[in-house]
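Participant: Take this structure, written in structure tokens, and hold onto it; I'll ask about it next.
The values are calculated or read from the model by the stated rules, or taken from the named source; none is laboratory data. Keep in mind it's a predicted model, so treat the numbers as computed, not measured. All Cβ positions, glycine included, derive from the backbone under ideal geometry; neighbour counts span all protein chains shown. These accessible areas exclude ligands, DNA and RNA; they are computed on the full protein's heavy atoms, side chains included. Shrake-Rupley method; radii C 1.70, N 1.55, O 1.52, S 1.80 Å.
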Amino acid sequence: MEEAPAAKLTCRESDVVRLLAWGLSNRLIARRLDISEKTVKNHLSSIYCKTGATGRTQAALYARHAGLTGPGQAALSAPAPAGPALTARERGVLRLLAWGLSNRLIARRLDISEKTVKNHLSSIYCKTGAADRTQAALYAQHAGLLAS
């Protein structure tokens, strides 16, 4: 993902990506900003283009890295790293997920089935308290799993 300065984003795009980094769905972002879900999708497309992100997960990580989440908001986007330890395989799956890879590409990279990837993701979500891929990726960033 290309590192683009946050100044390229409009104020509304910054609001959208901030709420995305907090783990909100398009529907909740739309409600919070009093806009339609279609408008949220349009803003996200523009955000992806401007930041070099390939999806929600990378855009949320970009927002965190660029400091767009606001002070004290980290707890809303990712659970604390405390809790049951992830297995080495789960850490590998989570790292690839955070890099923006699909289940299919994760499976190919790790030479496992897509079903096995889904099973690992279910376990990761349970252990980390993440509700979806974006929150799991934010957890990975917060826990320092992206470095390797």
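Participant: For region 125-148, which positions are assigned to a helix (DSSP H, G or I), over 19 Å from Ser25 (Cβ atoms) and touching a helix residue (DSSP H, G or I) at 6+ places or on another chain (Cβ under 9 Å)?
Facilitator: Keep residues of region 125-148 that are assigned to a helix (DSSP H, G or I), which gives 125-128, 133-142.
Narrowing further to those that are over 19 Å from Ser25 (Cβ atoms): 126-127, 140-142.
Residues satisfying the conditions are Lys127, Ala140, Gln141, His142.
Participant: Also: Does Ala85 satisfy being open to solvent by 70 Å² or more (accessible area, probe 1.4 Å) and under 16 Å from Gln141 (Cα atoms)?
Facilitator: Judged against the criteria, Ala85 is a match.
Participant: Test of understanding: among Leu101, Leu28, Leu20, which residue is in a loop (DSSP other than H, G, I, E, B), within 18 Å of Arg133 (Cα to Cα) and at pLDDT 85 or above?
Facilitator: Exactly one of Leu101, Leu28, Leu20 is in a loop (DSSP other than H, G, I, E, B), within 18 Å of Arg133 (Cα to Cα) and at pLDDT 85 or above, namely Leu101.
Participant: With respect to Arg133, determine if the residue is open to solvent by 10 Å² or more (accessible area, probe 1.4 Å), under 11 Å from the mean Cα position of the chain (by Cα) and touching a residue at least 40 places away in the same chain (Cβ under 8 Å). Walk me through it before giving the result.
Facilitator: Details: open to solvent by 10 Å² or more (accessible area, probe 1.4 Å): yes; under 11 Å from the mean Cα position of the chain (by Cα): yes; touching a residue at least 40 places away in the same chain (Cβ under 8 Å): yes.
So Arg133 fits the description; yes.
Participant: For Ala140, are the conditions met, namely being modelled with pLDDT under 80, open to solvent by less than 40 Å² (accessible area, probe 1.4 Å) and under 10 Å from the mean Cα position of the chain (by Cα)?
Facilitator: On the way: modelled with pLDDT under 80: no; open to solvent by less than 40 Å² (accessible area, probe 1.4 Å): yes; under 10 Å from the mean Cα position of the chain (by Cα): yes.
When the stated conditions are applied, Ala140 does not pass them.
Participant: Another one. Taking interchain pairs and intrachain pairs at least six residues apart, which have beta carbon atoms under 6 angstrom, with the first residue in region 41-66 and open to solvent by less than 40 Å² (accessible area, probe 1.4 Å) and the second modelled with pLDDT under 85 and charged (D, E, K, R)?
Facilitator: From region 41-66, the pairs are Gly52/Glu2.
Participant: Could you please find all residues in region 104-126 being over 24 Å from Val17 (Cβ atoms) and either crowded, with 18+ Cβ neighbours inside 10 Å or among the acidic types (Asp, Glu) (or both)?
Facilitator: Answer for region 104-126, where residues must be over 24 Å from Val17 (Cβ atoms) and either crowded, with 18+ Cβ neighbours inside 10 Å or among the acidic types (Asp, Glu) (or both): Ile106, Ala107, Asp111, Glu114, Val117, His120.
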